[in-house]
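In what follows, a structure is listed as structure tokens, so that the remarks can point back to it.
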Amino acid sequence: MTFETIKESSLELPVKDKIELIGVLKSSYSRFDEHATEVSACPVCYSERIVKNGTRKGVQKYVCKDCKKNFNYKTNTVLSKVQKLNQWNEFVEDFVSLNITPIKALSQKLNLSEQTVFNWRHKLLSAMVLKTNPVFIKEPVEFDETFLRISRKGRRNLGIADKHKYRRWRKSLTGDSYNNVKVFFAAGRNSKQLDICQSHTGRTTVIDMKNYFTSDKFKNPTIYSDAHITYKSFFKDANIPHEIFKGKDHISPLNKEVHNQAVNAFIRNFKYFVNEHLRGVSTKYLPFYIKWYQFINDSKEQVFKKDILKFNLADKVCNTMVEDRSGLELYRQSETGFLRFLNNNGRTNYGNCKHHYYADKIAA
């Protein structure tokens, strides 16, 4: 039977059967398969002594001659062990639509548990963390910081006796409190790139600035920011051109080009994205949502430039997932990474989370 014969026969089916046929086809393939490339090394021991070992459902399998492990292009990626291909394809389609669908609504739409959809979302986002890091080269860069209160959303055994008193205390925290997370924002004026980075807790120091303004990310930039004493000290010592204005003025009276209004708009939108649209996110997953916001912002930039025909979001996401080899471990280490971040900033006693991979590991 030829494809044309099947096509003509499918057109004669009732609507109900057509819908069922679409479901069968979706569940029989993964849209990531067409982006799969030939594997060159074993993902377990990294040996290049591998040979092809047949196919399964159209996906090429391999076997390693050294460690004897069987694998395919999905092994050790966030696509590993994703069995429900029909729902996964719909999940990815929803993601690239740039509609930030709530977990509960996605769970009902895909007929999956909320925990499964939650895990899928963070697996997908974890693969993007290292793929959305812009580089600023010889351009004016607007810089500023904001803070978000450390969130223990979803955690247990918090040791809070009076929740109302605790909430009032939380609202009283200032920006430089050690109970707040500082987030750095940098926006390139020429390249239109945006970089967001979860940095530290408490007051910003020169060390925090040094850790962020690395030479591989910022190459001969000119920084526009307010006259924060730490900013002035760091940029002077680092010999980085720095144009300042008083924070209360929002713009330099001597040079109208010296301001950071664009980056402040990004900060407002990001805080609305986290606090209002998502109704708050756990600090444990904040780096993932930072990269999601960057992905949404970069994607919209391409659409507004009418490059959508050359810029297929689905292809971009698929390629990222297929080429990724670190996202799965990053997702698994999210709990220990969160505890390490708190310990490095002098914070302890942030409850327990039973839904993480390394259940009994202690952050080093």
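Any read-out appearing in this document is the output of simple, stated calculations on the displayed coordinates, not a laboratory observation. Given the structure is predicted, the values throughout are model-derived calculations rather than measurements. Cβ coordinates were reconstructed from backbone atoms using ideal geometry, including for glycine residues, and neighbour counts include every protein chain displayed.
Numbers for the structure displayed
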{"item": "Cross-link pairs 74/291; 236/284; 104/248; 131/284 - those with Cα-Cα distance over 30 Å", "result": "236/284; 104/248"}
{"item": "Antiparallel bridge percentage (DSSP; both residues within the chain; nearest 5)", "result": "75"}
{"item": "Anisotropy class of the range 200-284 from Cα gyration tensor, a/c 1.5 cut", "result": "oblate"}
{"item": "Among 288, 161, 136 the positive-end extreme of the charge dipole of the chain (Cβ point charges)", "result": "161"}
{"item": "Positive-end residue of 105, 87, 146, charge dipole of the range 67-154 with Cβ unit charges", "result": "87"}
{"item": "Percent of Cα-Cα distances greater than 24 Å, calculated over the range 21-119", "result": "35"}
{"item": "Computed [θ] at 222 nm, helices only, for the chain once each DSSP H run of length n ≥ 4 contributes -39500 (n - 2.57)", "result": "-11500 deg cm²/dmol"}
{"item": "Sequence-distant residues sharing a close amide H with residue 181 (under 5 Å, placed H)", "result": "148, 149, 150"}
{"item": "C-alpha center-to-center spacing [the range 86-120, the range 157-236] in angstrom", "result": "32"}
{"item": "Calculated FRET efficiency for the pair residue 199/residue 268, C-beta based, R₀ 22 Å, to 0.05", "result": "0.70"}
{"item": "Reach of residue 256 by Cα under 18 Å, taken over aspartates and glutamates that are not fewer than 8 positions away in the same chain", "result": "139, 142, 144, 226, 243"}
{"item": "Percent RCO, i.e. relative contact order, over the chain, from Cα pairs under 8 Å lying at least 6 residues apart", "result": "20"}
{"item": "Highest-first arrangement of 120-132, 216-228, where packing means the average Cβ count within 10 Å", "result": "120-132, 216-228"}
{"item": "Cβ-placed point charges (K, R +1; D, E -1), dipole of the chain about Cα centre in debye, nearest 20", "result": "1380"}
{"item": "FRET efficiency, 1/(1 + (r/R0)^6) with R0 35 Å, evaluated for residue 238 and residue 312 via beta carbons", "result": "0.30"}
{"item": "Cross-link partners of residue 7 among lysines (Cα-Cα below 24 Å; sequence separation of 8 or more within a chain)", "result": "16, 18, 26, 57"}
{"item": "Extended-chain gain in nm, criterion 0.36 nm per residue less alpha-carbon gap, residue 27 and residue 67", "result": "11.2 nm"}
{"item": "Where labels lie 7 Å past Cα in the beta-carbon direction, separation of residue 130 and residue 227 in nm", "result": "4.3"}
{"item": "Chain lengthening between residue 219 and residue 163 when straightened (0.36 nm per residue, less Cα-Cα)", "result": "15.4 nm"}
{"item": "Cysteines, the chain, no other Cys beta-carbon under 4.7 Å", "result": "197, 318, 353"}
{"item": "Phi-based couplings in Hz for the range 243-256 (Karplus 6.51, -1.76, 1.60; Gly and Pro marked x)", "result": "9, 10, 8, 6, x, 6, 8, 6, 7, 6, x, 8, 9, 5"}
{"item": "Neighbourhood net charge (11 Å Cβ-Cβ; Lys/Arg +1, Asp/Glu -1) for residue 338", "result": "+4"}
{"item": "Alpha carbon convex hull of the chain, projected area averaged over orientations, nm²", "result": "24.1"}
